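Trainee: I have a structure I would like to understand better, so I am pasting it below and will then ask my questions one at a time.
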There are 4 protein chains.
Amino acid sequence: MIAVLKKNTTKEQIDHLTAWLETQGVEVHPSYGVDYTVLGLVGDTSRIDMELLDSLAIVDSVKRVSDPFKQCNRKFHPEDTVVDVDGVKIGGGHFAIIAGPCSVESREQMIAVAQSVKAAGATLLRGGAFKPRTSPYDFQGLKADGIEYLLEAKKETGMPIVTEIMNANHLSMFEDVDVIQVGARNMQNFELLKELGKTQKPILLKRGLANTLKEFLMSAEYIMSEGNGNVILCERGIRTYETYTRNTMDISCIPLLHELSHLPVIADPSHATGKARLVEPMAMAATAAGTDGLMIEVHNDPANALCDGAQSLTPEEFAHLAEKIRKVREIL
Amino acid sequence: MIAVLKKNTTKEQIDHLTAWLETQGVEVHPSYGVDYTVLGLVGDTSRIDMELLDSLAIVDSVKRVSDPFKQCNRKFHPEDTVVDVDGVKIGGGHFAIIAGPCSVESREQMIAVAQSVKAAGATLLRGGAFKPRTSPYDFQGLKADGIEYLLEAKKETGMPIVTEIMNANHLSMFEDVDVIQVGARNMQNFELLKELGKTQKPILLKRGLANTLKEFLMSAEYIMSEGNGNVILCERGIRTYETYTRNTMDISCIPLLHELSHLPVIADPSHATGKARLVEPMAMAATAAGTDGLMIEVHNDPANALCDGAQSLTPEEFAHLAEKIRKVREIL
Amino acid sequence: MIAVLKKNTTKEQIDHLTAWLETQGVEVHPSYGVDYTVLGLVGDTSRIDMELLDSLAIVDSVKRVSDPFKQCNRKFHPEDTVVDVDGVKIGGGHFAIIAGPCSVESREQMIAVAQSVKAAGATLLRGGAFKPRTSPYDFQGLKADGIEYLLEAKKETGMPIVTEIMNANHLSMFEDVDVIQVGARNMQNFELLKELGKTQKPILLKRGLANTLKEFLMSAEYIMSEGNGNVILCERGIRTYETYTRNTMDISCIPLLHELSHLPVIADPSHATGKARLVEPMAMAATAAGTDGLMIEVHNDPANALCDGAQSLTPEEFAHLAEKIRKVREIL
Amino acid sequence: MIAVLKKNTTKEQIDHLTAWLETQGVEVHPSYGVDYTVLGLVGDTSRIDMELLDSLAIVDSVKRVSDPFKQCNRKFHPEDTVVDVDGVKIGGGHFAIIAGPCSVESREQMIAVAQSVKAAGATLLRGGAFKPRTSPYDFQGLKADGIEYLLEAKKETGMPIVTEIMNANHLSMFEDVDVIQVGARNMQNFELLKELGKTQKPILLKRGLANTLKEFLMSAEYIMSEGNGNVILCERGIRTYETYTRNTMDISCIPLLHELSHLPVIADPSHATGKARLVEPMAMAATAAGTDGLMIEVHNDPANALCDGAQSLTPEEFAHLAEKIRKVREIL
């Protein structure tokens, strides 16, 4: 860590600050410039409160040289992490296609969708049983019943299942769930992350709507620091000023996260764009940029013509996309 | 709610959609333009899933005419809500000054700060016992001990206390806390909001870093829909591209929230700017814009010169500011 | 256009507004709801000042149903526009690879880069002669000399050239330039756009750093409304809160712009990311998402090891990328 | 300037980089840490291309310690600049109220508005003769006639006038204009800034919609580096994800710009919010935060009831606001 001190900082102030920093367990290496003094802090700087330091009257600015994330950091773990989900691998060259409806609606729906997405090449089944909704008046999911229908679909098809948790008190209901998802709105619900870190379940962690990559990795670190290294990162669009799409999908975070971390990185073009007709080009783009997997909404209800055009693909559209994805993967 | 249909939508498609909307309990009033058909939906449209409707292939766009928030909406409750915190009122002309340190550090610190901020005009005491930190390796607060020290400071000074909750399972520890704060990162932790809605405690709800005013009000609605109407809204800066300040304080949300809702609206210039020297001008600005209160970090530790210049004011700076605030309030 | 009026708007106010709207040349079709009145405006609403209407005391909100852009709108021109640049086509299935250095530095550099990028598959040559710099103290480009060196490189290799204009008074210097580029900072320099609209030169229009797709298309419309239909749109990253990349490349705008407009859409991963190691994955992503071309910085100066790793690729890296791009294009 | 080098950078690479930096005229002071080497660059670093340096393969990150802006920097010019506009002073304790309509519509309108805003306490008159519009089909202003009407209003009232320029070729028309305004969209139209720098006219420079304070000050620097020190900075709202207001007014930039620069800083709440009912609270907030002046839209057309509620105030509302502003100013 480097602290740049303001012009006119006195020797006494520098000594005072240095003494305090040393009590925090770091060595201080000053270098005196014409206009500025720079303190190089060496040692375990992860314990230094960077915001506090930055806010001191004599400090112009602070720069962290080493990353604040440790366990998810590629520097300390150069090989790709491969997460094993009941035999299905993600990361390190293993590509996952997670497909299914936004919400679990019924036993029949889940089994039908599961069968059709499996036939088209999906490797994991998704479906929301607990639904985080902006409005308390909107449908909040089938809850325990939803999980039961997912498990039945797994029994029928053999596909491991992925579903979202919103409350650590619900963990007992997730005992047979294969991958537990943490939604964007809970990315910094640190209490939930810590509880999930105490399990050994694979955790699919979605990036918050306005969170930086550093914050994203620090949330992974919350899970890992409790002992659970099975974290899958998922980009699902960030909030910008643009209103044509629901969010702006940040494709560049895929190669960046791979550079910074050894964890698998997948992408969710359905939520990022909110428009079915953008799912194919954005799924292709994410694949070409090196993602380790995709999470795609597929809805299978021929009777409900209303859902044509929603953010969900039909099973036919999904099958077509899965085939194109396979071809792009061959080039990489 | 208004749905604009795409050009070339067939009569059959319109009939199909109309039938479905009617099953959702709304009346449909079509008006046919040269290029577009517009459906006016009348009745309880809060149950219509706007995103689903918007995503249909035949729908160009959807516009909600009535607000999705009900209980916090000024249209249905024109008078200002006044929240009573153990005798201290907030809203409807009652101005609150909430002051205290970012973190509770010790019994002595809390009592000393409490006495000095009370003398300077503060009406409530704040202090963090549970601290949401981006890094799992950073100090997470004194927890139960922190709450105990706050309560002792209350006993000494008579000031009601405000402190943050991060986990609904901790509610029993908050039994004697006067105002429970929900931090920005938990603004859409809906499970926590629902639990707080089941209490009758005043809830200080901070706006999320990248949340719109509608989302902010919908989170207040989560609390109110469970039966707790004692919600205080708090602006604390939003995330933008600007990097000179930690966040960008959205002062215009103060008059806007007052227009949209009857709930009290306060502002936190300390967290919004992250810089002590900006606290005074931004506190003045928020007051001039009509806020119902301020939340200001004050730190009282003459031995720890390090904290000079942090985002906290000294008690002397705070006393000076409180006096200026009083004068601006007289003009309004 | 639809105007939703506020509750409690009187009949007299509605009549007053209707009369004014009719003087603006549109027909007004009111529909009266329980809570709200909605006015449908039919006719040439492009002349109605939407912001003015929206700001009236009795108006709740206004929604434009038809797009404000006309000449670049795919609705009125369903086939792709193919821009012909001295025999090299862009759009409608024709893919362009524009390569070259950020700045023109010397005659020798330009000829050497031109030869190597041509060999690797580039179809157009780029190089900055006039450089928009945030600081007045930074290098502003070789200006007229830079254009001369580009023209010599064209003579040697036959590749058409692309270079940026910053001032309409310089147009005479651009007489032999094949494609005139408008940079992101000048995207809403309407005076410049109008002058370029009076030429018949292909114009490469870069999206502004914080401009919406509608604003982007309206700027294309400025050029086209003066008579020049040879506009190429270029995504080059938008400004967000994320600081790991210089900008956030908005890949989803590629399929969206294709949907909204018939103009060719290309992408510039070098400027969008600012990091050479991200150019390949983002170029691949843009191609997979359906872009009509790429603009890539290539620098060819083995003596200047400093530039290794800059946002520019070496000719070898570029050749490798061009080959991968070709393979992705085959799948689409 | 400080450059942090990546781990594993070789001695040879460091020597190579050091040699190059020395040819750029700076001294290089290395300090070797356990994991990282940091180079301190001392001397005139304004000539170093920070982005180039940052993009080198061996460089982890670069930090500018001294500011890139010089002439507008308060460090080198501690006293406030006072801009004298034909006898009316702005800055250094002199507060300006600039009022008038968004667009000049007619001679009669301008004279009537000028008289009423003068009576209410305005010190300068504004009105748009050249209007930057997103759409080429929208009204572009009365141009030369508009300037003539402004000058007649000045003759009647004695108030200096402020109006926007969009093209340096129009400068001759602005000969008698007292303050030339540069709009947000042209904040980085460097060619225009340079031409205005060659005059001695006061320049009112509006912050771009998505520009940082550093970029804002660098644009002021473009004007000043050509010899014109009469620059007035104007905050007018920045682009964020929030859609309730047209833009988000960044009040905190007022104290920050005062800290960084000696130039006067004013605020435009009319454009920032786009809503008349927000103009008063935001004007009050900006004043309380220390602005040196306000720019407020006032429209004076009792016959045109349509403009009630627009972003313009009526003369009566303006007079009421001016009185409240005066009272807030007394406290500061």
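The values are calculated or read from the model by the stated rules, or taken from the named source; none is laboratory data. All values reported here derive from a predicted model rather than from experimental measurement. No Cβ is skipped: glycine too gets one built from the backbone with ideal geometry, and neighbour counts run over all protein chains shown. Surface areas here come from the heavy atoms of the whole protein model, side chains and all, with no ligands, DNA or RNA. Shrake-Rupley method; radii C 1.70, N 1.55, O 1.52, S 1.80 Å.
Trainee: Rounding to the nearest 10 and keeping the result within 0 to 90°, find how far the Cα-based axis of helix B:107-119 lies from the longest principal axis of chain B.
Mentor: 80 degrees
Trainee: Tell me the angle of helix B:315-331 to the major Cα principal axis of chain B, expressed in degrees between 0 and 90 and rounded to the nearest ten.
Mentor: Computed tilt is about 50 degrees.
Trainee: Find every distance from the label point of D:ASP80 to the corresponding label point in the other copies (7 Å from Cα along Cα→Cβ) and write them in nm, one decimal, shortest first.
Mentor: The projected label point of D:ASP80 is separated from its counterparts by 3.2, 6.0, 6.1 nm.
Trainee: For the range B:199-298, what is Rg from Cα atoms divided by 2.2 N^0.38 Å, rounded to two decimals?
Mentor: Working: Rg = 13.3 Å, N = 100, 2.2 N^0.38 = 12.7 Å.
Here the answer is 1.05, to two decimals.
Trainee: Taking each residue in C:155-167, count the Cβ atoms of any other chain within 10 Å of its Cβ, then average. What number comes out?
Mentor: On the way: counts 0, 0, 0, 0, 0, 0, 0, 0, 0, 0, 1, 4, 9.
Neighbouring Cβ atoms belonging to other protein chains average 1 per residue here.
Trainee: Given an 8 Å cut-off on Cα distances and at least 6 residues of separation, report the relative contact order of the range C:143-296 as a percent.
Mentor: Numbers: 273 pairs, mean separation 23.2, N = 154.
Answer for the range C:143-296 is 15 percent.
Trainee: While we're looking at this one, here's another question. Based on DSSP H runs of at least 4 residues, each adding -39500 (n - 2.57), what is the mean residue ellipticity at 222 nm of the protein assembly as shown after dividing by all its residues, to the nearest 500 deg cm²/dmol? Working shown, then result.
Mentor: Details: 40 runs with 442 residues, N = 1328.
Value at 222 nm, helices only: -10000 deg cm²/dmol.
Trainee: Using each residue's phi in the range B:139-156, evaluate 6.51 cos²θ - 1.76 cosθ + 1.60 at θ = phi - 60° and report the 3J(HN,Hα) Karplus result to the nearest Hz, with x for Gly and Pro.
Mentor: 4, 9, x, 7, 6, 3, 4, x, 5, 4, 5, 4, 5, 5, 5, 5, 4, 5
Trainee: Over all residues in B:221-228, what is the mean tally of Cβ atoms on other chains that come within 10 Å of each residue's Cβ? Please report the intermediate quantities before stating the final value.
Mentor: On the way: counts 4, 5, 1, 1, 3, 1, 0, 0.
Neighbouring Cβ atoms belonging to other protein chains average 2 per residue here.
Trainee: Rounded to whole Å, how close does chain D get to the rotation axis onto C by Cβ? Give me the residue too, please?
Mentor: Whole-Å result, nearest residue of chain D to the axis: D:ALA210, 1.
Trainee: Hey, rough spin-label estimate for D:LYS143 and C:LYS143, points 7 angstrom out along Cα→Cβ, what's it come to in nanometres?
Mentor: The answer from the label model is 2.8 nm.
Trainee: Now a separate question. Highest first, please rank the peptides C:125-138, A:127-140 by the mean number of other Cβ atoms sitting within 10 Å of their residues.
Mentor: Details: C:125-138: 22.3, A:127-140: 20.1.
Going by the mean number of other Cβ atoms within 10 Å, highest first, we get C:125-138, A:127-140.
Trainee: Name the long-range amide H neighbours of B:ALA96: under 5 Å, sequence gap of 5 or more, or other chain; modelled H, no Pro or chain starts.
Mentor: Those qualifying (amide H under 5 Å, at least 5 residues apart or on another chain) are B:GLY91, B:GLY293, B:LEU294.
Trainee: If you don't mind, another one. With springs only between Cα atoms under 10 Å, which of A:HIS77, A:HIS94, A:HIS16 fluctuates most in a Gaussian network model of chain A?
Mentor: Greatest mean-square fluctuation among the candidates belongs to A:HIS16.
Trainee: So, counting K/R as plus one and D/E as minus one, what does the shell of residues with Cβ under 14 Å around B:LEU278 add up to?
Mentor: Details: positive: B:ARG236, B:ARG246, B:LYS275, B:ARG277; negative: A:ASP54, B:GLU242, B:ASP268, B:GLU280, B:GLU297, B:GLU317, D:ASP250, D:GLU259.
That works out to -4.
Trainee: Now for a different question. If each Cα of the protein assembly as shown is one equal point scatterer, what is log10 of I(q)/I(0) from the Debye formula at q = 0.09 Å⁻¹?
Mentor: -1.37
Trainee: Let me ask something else about it. May I ask which of C:LYS214/D:LYS206; A:LYS6/D:LYS6; C:LYS11/C:LYS70; A:LYS324/C:LYS75; A:LYS201/B:LYS214 have a Cα-Cα span longer than 31 Å here?
Mentor: Numbers: C:LYS214/D:LYS206 23 Å; A:LYS6/D:LYS6 26 Å; C:LYS11/C:LYS70 35 Å; A:LYS324/C:LYS75 28 Å; A:LYS201/B:LYS214 35 Å.
Over 31 Å apart, Cα to Cα: C:LYS11/C:LYS70; A:LYS201/B:LYS214.
Trainee: Let me ask something additional. Between D:HIS320 and C:LYS155, what is the label-to-label distance in nm when each label sits 7 Å out along the Cα-to-Cβ direction?
Mentor: Calculated label separation equals 7.2 nm.
Trainee: Follow-up question, since we're still on this one. Whole number in Å², please: accessible area per residue of the range C:14-99, 1.4 Å probe, ligands, DNA and RNA not counted.
Mentor: Each residue of the range C:14-99 exposes 46 Å² on average to a 1.4 Å probe.
Trainee: Would you work out what percent of the accessible area of chain B, with all protein chains in place, is carbon or sulfur (probe 1.4 Å)?
Mentor: On chain B, the fraction of accessible area on carbon and sulfur atoms equals 48 percent.
Trainee: Regarding chain B, what's the average projected area of the Cα-atom convex hull, expressed in nm²?
Mentor: 19.7 nm²
Trainee: Can you give the % of DSSP beta bridges in chain D that are antiparallel, to the nearest 5? Before the final figure, lay out each step's value.
Mentor: Working: 21 of 47 bridges.
Taking every DSSP beta bridge within chain D, about 45 percent pair in antiparallel fashion.
Trainee: Inside 10 Å of the C-beta atoms of A:207-218, what's the mean count of C-beta atoms belonging to other chains?
Mentor: Numbers: counts 0, 5, 8, 11, 7, 7, 4, 5, 4, 0, 0, 6.
Partner Cβ neighbours, averaged per residue: 5.
Trainee: Same structure, new question: What percent do you get for the relative contact order of the range B:57-107 when only Cα pairs under 8 Å and 6+ apart count? Don't jump to the answer; show the numbers that get you there.
Mentor: Details: 21 pairs, mean separation 8.3, N = 51.
Result for the range B:57-107 is 16 percent.
Trainee: GNM, chain A, Cα, under 10 Å: largest mean-square fluctuation among A:THR240, A:THR23, A:THR45?
Mentor: A:THR23
Trainee: Find, to one decimal place in angstroms, the Kirkwood hydrodynamic radius of the range D:94-203, where the mean of 1/r is taken over every pair of different Cα atoms and then inverted. Walk me through the numbers before you get to the answer.
Mentor: Values: mean 1/r = 0.0704 Å⁻¹.
Taking every pair of different Cα atoms in the range D:94-203, averaging 1/r and inverting gives 14.2 Å.
Trainee: Using a Gaussian network model on chain C with a 10 Å cutoff between Cα atoms, which of C:VAL298, C:VAL182, C:VAL62 fluctuates the most?
Mentor: C:VAL62
Trainee: Wrap a convex hull around the Cα atoms of the range D:162-252, take a quarter of its surface area, and give that in square nanometres. Before the final figure, lay out the partial values.
Mentor: On the way: hull surface 23.7 nm².
The number I arrive at for the range D:162-252 is 5.9 nm².
Trainee: What are the residues whose amide H is under 5 Å from the amide H of A:VAL298, where those residues sit 5 or more places off or on another chain and H is modelled from the backbone?
Mentor: A:GLY100, A:CYS102, A:LEU313
Trainee: Would you work out the relative contact order for chain B, in percent, from Cα pairs under 8 angstrom that are 6 or more residues apart?
Mentor: Working: 667 pairs, mean separation 50.5, N = 332.
Computed value for chain B: 15 percent relative contact order.
Trainee: Taking a label point 7 Å out from Cα toward Cβ, give me the nm distances from D:ALA144 to the same spot in the other copies, shortest first, one decimal.
Mentor: Relative to the other copies, D:ALA144 has label-point distances of 3.0, 8.3, 8.4 nm.
Trainee: Between copies, how close do the C:SER172 label points come, placed 7 Å along Cα→Cβ, listed in nm from shortest?
Mentor: Distances between equivalent label points, in nm: 1.6, 8.6, 8.7.
Trainee: OK, next. Over the Cα atoms, compute the radius of gyration (one decimal) and Dmax (the largest Cα-Cα distance, rounded to a whole number) for the range A:151-200, in Å.
Mentor: Radius of gyration, then largest Cα-Cα span, for the range A:151-200: 11.8, 35 Å.
Trainee: Shifting gears a bit: Could you derive backbone 3J(HN,Hα) for the range D:266-274 from the dihedral phi with the Karplus parameters 6.51, -1.76 and 1.60 (θ = phi - 60°), listing whole Hz in sequence and x where the residue is Gly or Pro?
Mentor: After applying 6.51 cos²θ - 1.76 cosθ + 1.60, I find 10, 9, 10, x, 5, 6, 4, 9, x Hz.
Trainee: What is the interface area between chains A and B, defined as buried accessible area summed over both chains with a 1.4 Å probe, reported in Å² to the nearest 100?
Mentor: Using a 1.4 Å probe, the pair buries roughly 4300 Å².
Trainee: Bin width 5 Å, alpha-carbon pairs only: give the P(r) of the range B:23-92 as whole percents, running from 0 to the bin holding the largest distance.
Mentor: Reading upward from the zero bin: 3, 12, 17, 19, 12, 9, 8, 7, 6, 4, 2, 1, 0.
Trainee: For the range B:63-116, place one equal point scatterer on every Cα, skip the solvent, and apply the Debye formula. What is log10 of I(q)/I(0) at q = 0.13 Å⁻¹?
Mentor: The calculated log intensity ratios at q = 0.13 Å⁻¹ are -0.59.
Trainee: How long, wide and thick is the range C:1-135, going by the Cα atoms along their three principal axes, in whole angstroms, largest first?
Mentor: Principal extents (Cα only, largest first): 75, 41, 26 Å.
Trainee: What ³J(HN,Hα) values, in whole Hz, does the Karplus curve 6.51 cos²θ - 1.76 cosθ + 1.60 give for the range D:6-20 when θ = phi - 60°, with x put for Gly and Pro?
Mentor: Residue by residue, the range D:6-20 yields 6, 3, 6, 5, 7, 3, 5, 5, 5, 5, 4, 5, 4, 4, 5 Hz.
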